[in-house]
1. Just to be sure I understand, how many residues within segment 145-156 are part of a strand (DSSP E or B) and in contact with a Leu (Cβ under 8 Å, 6 or more places away or on another chain)?
2. Tell me which of these P222 doesn't satisfy, since it passes every other one: (1) in contact (Cβ under 8 Å) with a residue 60 or more places away in the chain; (2) touching a Pro at 6+ places or on another chain (Cβ under 9 Å); (3) closer than 27 Å to L274 by Cα.
3. Given (1) modelled with pLDDT of 95 or more; (2) over 12 Å from V62 (Cβ atoms); (3) surrounded by fewer than 24 Cβ atoms within 10 Å (Cβ to Cβ); (4) aliphatic (A, V, I, L, M), where does V142 come up short, assuming only one miss?
4. Checking G287 against (1) crowded, with 17+ Cβ neighbours inside 10 Å; (2) not in a strand (DSSP E or B): exactly one of these is not met. Which one?
5. Find the strands (runs of 3 or more DSSP E) located wholly in segment 20-137 whose residues include 2 or more that are surrounded by fewer than 24 Cβ atoms within 10 Å (Cβ to Cβ) and out of contact with any Gly (no Cβ under 6 Å at 6 or more places or on another chain), and list them.
6. Can you pull out the residues in segment 262-286 that are in contact with a Phe, Trp or Tyr (Cβ under 9 Å, 6 or more places away or on another chain) and within 20 Å of G192 (Cβ to Cβ)?
7. How about segment 160-223: which strands (runs of 3 or more DSSP E) wholly inside it have at least 3 residues that are of a type in the set (A, V, I, L, M, F, W, C) and modelled with pLDDT of 95 or more?
8. Contact list please: Cβ distance under 7 Å, first residue in segment 90-108 and in contact (Cβ under 8 Å) with a residue 60 or more places away in the chain and farther than 30 Å from P57 by Cα, second residue hydroxyl-bearing (S, T, Y) and assigned to a loop (DSSP other than H, G, I, E, B), pairs at least six apart or on different chains.
Amino acid sequence: MRGRAVHLMLAAMLLCAASHAQALVPYTGTTVTVASSTDGAPQDILATLLKPEGAGPFPAIVIMHDCSGLGARSSGAPGRWGQLLAGAGYVVIIPDSFAPRGFPTGVCTVAASGPALRATLPAARVRDAYAALAFLRKLDYVARDRVGVMGGSHGGSTTLAVMADEADARGPGAEGAYMGFAAGIALYPGCGAAYGAWNVTRQRGFTGPVTGFVGTYKPVAPLLILIGEKDDWTPAAHCEELTLRAQAAGYPVSIKVYPGALHSFDSANPPRYLDERRNANKPDGHGATTGGDPAAWADAIKQVNGFFARYLGGGPPKD
């Protein structure tokens, strides 16, 4: 019951979440159940589904939430993007990776480790993204070959994991002629991690400053990265290097870095630093700054609309 209550609350949040960006006809989310897995065992997760008016078939987008999850402490970013994209003519699904696995308030500041927390890592959430993809492809109003994936922060990192070349073989939604996602957008992702053939070396194993880059990131479809220049949680420099190496090898990766923007630039909140946030890119492993940037947020809407229109066939948001 707790999980369903969380999603009913998210559906209510979706009605007003886009007000900081532009006026939209509100799209009310419905709660659905998606069949995923945890450590190889079946795991049902709840998801919020938004559908435009009409019969379709519509292109669709899976939105992967950030480390704050979809509960009472959610950043609200998935809802804002969900409203915008539903208004642009996409079916949108937002799966909840954390509440079913024991983290209803997110994992931004969790100090624990072990199997439970590992099940919430971006690489593990690939299963949730593909489970959502499989769910969408069973809907008669969804265009099965025009489904994209996007997310911010932890969800952006998950998007990188989903789009990496090795991810398709693991995805339960990747079958037949409709293998994988048609396009992906990662907002302020953590590029200093292992994604397929791409990896980094760090000062102390998995934490501390990045000391080197290894290999090439190879996405299965076009990928766009949007990130702030002043991001101290997921540094832009890591994503710039990932992009340069991918482009040099002929892979369709593009990036836009917003001057002066912080992590979570698509937020309406003022900048703030919280020391308890887990941050592998800090020498002591914690502390990060987040805050909205109206100019970056407005441009990001244009970038997302344009990118998905090009690769999925959506249209501009309705007034």
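1. Residues meeting the conditions: 7.
2. (3)
3. Only one criterion is unmet by V142, namely (2).
4. Going through the list (1) crowded, with 17+ Cβ neighbours inside 10 Å; (2) not in a strand (DSSP E or B), G287 breaks only (2).
5. Once the strands (runs of 3 or more DSSP E) in segment 20-137 are filtered for at least 2 residues that are surrounded by fewer than 24 Cβ atoms within 10 Å (Cβ to Cβ) and out of contact with any Gly (no Cβ under 6 Å at 6 or more places or on another chain), what remains is 30-38, 41-50.
6. In the first step, residues of segment 262-286 are kept if they are in contact with a Phe, Trp or Tyr (Cβ under 9 Å, 6 or more places away or on another chain); the result is 262-268, 277, 279-282.
Selection gives L262, H263, S264, F265, R277, N279, A280, N281, K282.
7. On the way: elements: 183-187, 198-204, 207-215.
Correct list: 183-187.
8. Every condition considered, the pairs that remain are R101/T120; V107/T120; C108/S68.
The values are calculated or read from the model by the stated rules, or taken from the named source; none is laboratory data. All values derive from a computational prediction rather than experimental measurement. Cβ coordinates were reconstructed from backbone atoms using ideal geometry, including for glycine residues, and neighbour counts include every protein chain displayed.
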